[in-house]
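Engineer: One structure coming up, written as structure tokens, with questions to follow.
The values are calculated or read from the model by the stated rules, or taken from the named source; none is laboratory data. None of these values were measured; they are calculated from a predicted model. When we count neighbours, we look across all protein chains shown, and the Cβ atoms used for this are built from the backbone with ideal geometry, even at glycine. Accessible surface areas use protein heavy atoms only, side chains included; no ligands, DNA or RNA. Shrake-Rupley method; radii C 1.70, N 1.55, O 1.52, S 1.80 Å.
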Amino acid sequence: MSALFSPLTLRGVTLPNRVAMAPMCQYSAGPDGLPTDWHRVHLCSRAVGGVGLIVTEATAVVPEGRISPQDTGLWSGAHIDAWRPITRFLAEHGAVPAVQLAHAGFKASTHRPWDAERGGVPDAEGGWTPVGPGSEPFVPEYRRPTALDERGIAAVVAAFATAAGRALDAGFAAVEIHAAHGYLLHEFLSPLTNHRADGYGGDRAGRMRLTLEVARAVRAAVGEDVPVLTRISATDWVEGGWTVEDSVVLAGELAAAGVDLVDASSGGAAATAAIPVGPGYQVPLAARIRREAGVLTGAVGLIVEPEQAEQIVAAGEADLVLLGRELLRDPYWPNRAAAKLGATPTWPNQYTRAH
Ligand SMILES: Cc1cc2nc3c(=O)[nH]c(=O)nc-3n(C[C@H](O)[C@H](O)[C@H](O)COP(=O)(O)O)c2cc1C
């Protein structure tokens with residue numbers, strides 16, 4: 001029996017298998033942050049392909065929290081209406097729809113990767129002044145942020161909670177808090193980017209405070225039955241930065257705040273970090289957090305082979321495997337993997353004659 005193709009129950013929701021689609025920005029929303037036909041095709045094809053949990057791209061809780069002017073959002077009723085047909089299709093095809101709720105912090109208002117220009121987008125081209133823990137830009141080419149004061153921080157916490165409520169109205173069955181990759185919550189967590197002297201900075205407890213406040217507020221907003229995941233950067237890969245030991249502590253506190261699964265990514269707070277990229281390179285982070293904090297984890301990063309994914313779950317290194325680029329290359333990866341691993345693929349009736 002395949003471990004990868006066994007169900008996983010998180011609170012009131014059962015994922016049909018342990019294959020998740022990792023959140024991936026598509027830079028294809030309108031200036032209003034509404035998902036478009038691109039998102040519909042992009043997300044829905046992976047449901048047809050057999051993915052158990054589909055996590056949307058980083059979806060901003062406030063307009064200034066978008067990474068690029070083309071990011072999706074969930075800051076108004078219009079967003080609820082635009083996401084609803086997408087979540088309905090995903091659920092109809094057996095996938096659990098999850099939204100990654102995000103705030104880009106000092107990495108907001110940047111160009112799409114395929115734009116000729118790099119770095120910050122100026123106001124004249126639809127950009128804005130970002131916010132962050134301090135007023136230093138991430139790198140000189142990015143826009144200089146305004147440091148959040150305590151009122152601004154409270155507004156961020158409230159925005160995550162309100163967006164989580166909207167997510168349920170939009171038909172999402174689970175929520176992932178984005179606390180990784182050098183975006184706002186990670187900027188507060190990491191000593192590399194948080195130099196505050198108030199109660200949201202200083203020691204690890206102070207730096208964890210914003211993320212934990214967001215986790216508690218999101219849990220309160222979605223009630224007891226809805227799974228809440230949190231993506232963290234389990235290490236900064238930099239001497240003096242956030243470490244996996246810190247992540248073990250954070251994971252325990254997140255679980256106490258009502259988080260059901262920690263999605264263990266890494267990096268993003270330092271442009272110069274030397275990341276040892278290779279097959280499954282972040283799996284040991286998920287395994288260690290799972291073992292030492294006693295929380296469910298997701299593994300992500302260069303997981304491409306069905307046997308590799310199967311082994312991660314079977315060996316108890318993670319409870320969920322998230323695939324990013326491999327699912328861009330092959331939306332049908334889960335159904336192909338199921339066939340290879342002796343599980344039952346879930347091809348839709350319309351495609352029966354192809355198999
Ligand atoms: C095009 C693209 C967009 C991404 N956007 C996001 C995002 O919105 N949120 C996030 O947490 N990670 C994002 N990531 C990181 C992926 O979720 C994933 O962690 C990373 O690609 C490593 O997994 P992979 O080797 O399976 O692709 C993105 C990656 C890619 C390739």
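Engineer: If you go through the range 112-128 one residue at a time, do you hit one that is in contact (Cβ under 8 Å) with a residue 60 or more places away in the chain, crowded, with 16+ Cβ neighbours inside 10 Å and in contact with a helix residue (DSSP H, G or I) (Cβ under 9 Å, 6 or more places away or on another chain)? Full working, then the answer.
Structural biologist: So in the range 112-128, the residues in contact (Cβ under 8 Å) with a residue 60 or more places away in the chain come out as 112-114, 126, 128.
Among the residues that remain, those that are also crowded, with 16+ Cβ neighbours inside 10 Å are: 112, 128.
Add one more test, that the residue is in contact with a helix residue (DSSP H, G or I) (Cβ under 9 Å, 6 or more places away or on another chain), and what stays is 128.
Among the residues of the range 112-128, at least one is in contact (Cβ under 8 Å) with a residue 60 or more places away in the chain, crowded, with 16+ Cβ neighbours inside 10 Å and in contact with a helix residue (DSSP H, G or I) (Cβ under 9 Å, 6 or more places away or on another chain), which makes the answer yes.
Engineer: Now for a separate question. Let me spell it out: the conditions are (1) within 16 Å of the ligand (Cβ to nearest atom); (2) free of Cβ contacts under 8 Å to residues at least 40 places away in the same chain; (3) in contact with a helix residue (DSSP H, G or I) (Cβ under 9 Å, 6 or more places away or on another chain); (4) among the aliphatic types (A, V, I, L, M), and ALA318 meets all of them except one. Which number is the exception?
Structural biologist: (2)
Engineer: Separate question: If you scan the range 257-277, which residues turn out to be small (Gly, Ala, Ser) and in contact with a Gly (Cβ under 9 Å, 6 or more places away or on another chain)? Quick ask: steps written out before the conclusion?
Structural biologist: As a first pass, look at the range 257-277 and keep what is small (Gly, Ala, Ser): 257-258, 264-271, 273-274.
The answer is ALA264, SER265, SER266, GLY267, GLY268, ALA269, ALA270, ALA271, ALA273.
Engineer: Give all pairs with beta carbons closer than 8 Å in which a residue from the range 260-273 that is at positive phi meets a residue that is open to solvent by less than 10 Å² (accessible area, probe 1.4 Å) and outside any loop (DSSP other than H, G, I, E, B); count only pairs at least 6 apart in sequence or on separate chains.
Structural biologist: These pairs meet every condition: GLY267/SER233; GLY268/HIS186; GLY268/SER233.
Engineer: Now for a separate question. Say we look at the range 28-48 and pick out the residues that are within 16 Å of the ligand (Cβ to nearest atom) and in contact with a His (Cβ under 9 Å, 6 or more places away or on another chain); which of these is nearest to ASP225 (Cα to Cα)?
Structural biologist: Per the criteria, the residue is PRO35.
Engineer: Output the residues belonging to the range 266-290 that are under 22 Å from GLY206 (Cα atoms) and hydroxyl-bearing (Ser, Thr, Tyr). Walk me through how you get there before you give the answer.
Structural biologist: At the first step, the residues of the range 266-290 found to be under 22 Å from GLY206 (Cα atoms) are 266-270, 289.
Residue satisfying the conditions is SER266 alone.
Engineer: I need every pair where a residue in the range 232-256 that is free of Cβ contacts under 8 Å to residues at least 12 places away in the same chain and in a helix (DSSP H, G or I) has its Cβ under 8 Å from the Cβ of a residue that is open to solvent by 20 Å² or more (accessible area, probe 1.4 Å) and of a type in the set (A, V, I, L, M), sequence separation at least 6 or different chains.
Structural biologist: Pairs found: none.
Engineer: A further question on this structure: If I go through the range 274-294 residue by residue, how many of them are in a loop (DSSP other than H, G, I, E, B), among the hydrophobic types (A, V, I, L, M, F, W, C) and either within 15 Å of the ligand (Cβ to nearest atom) or buried (at least 23 other Cβ atoms within 10 Å of the Cβ) (or both)? Walk me through how you get there before you give the answer.
Structural biologist: Taking the range 274-294 as the starting set, the residues that turn out to be in a loop (DSSP other than H, G, I, E, B) are 274-282, 294.
Narrowing further to those that are among the hydrophobic types (A, V, I, L, M, F, W, C): 274-275, 277.
With the extra rule that they be either within 15 Å of the ligand (Cβ to nearest atom) or buried (at least 23 other Cβ atoms within 10 Å of the Cβ) (or both), the set shrinks to 275, 277.
The total comes to 2.
Engineer: In addition: Of all the residues that make up the range 251-264, how many are open to solvent by 10 Å² or more (accessible area, probe 1.4 Å) and out of contact with any helix residue (DSSP H, G or I) (no Cβ under 8 Å at 6 or more places or on another chain)?
Structural biologist: Counting residues in the range 251-264 that are open to solvent by 10 Å² or more (accessible area, probe 1.4 Å) and out of contact with any helix residue (DSSP H, G or I) (no Cβ under 8 Å at 6 or more places or on another chain) gives 2.
Engineer: I would also like to ask the following. Give the residue that is nearest to ALA217 (Cα to Cα), with candidates limited to residues of the range 87-105 that are in a helix (DSSP H, G or I), more than 16 Å from the ligand (Cβ to nearest atom) and open to solvent by less than 50 Å² (accessible area, probe 1.4 Å). Walk me through how you get there before you give the answer.
Structural biologist: Taking the range 87-105 and keeping what is in a helix (DSSP H, G or I), we get 87-92, 105.
Then drop every residue that is not more than 16 Å from the ligand (Cβ to nearest atom), which leaves 87-92.
Now restrict to residues that are open to solvent by less than 50 Å² (accessible area, probe 1.4 Å): 87, 90.
Working: THR87: 23, LEU90: 26 Å.
Of everything passing the filter in the range 87-105, THR87 is nearest to ALA217 (Cα to Cα).
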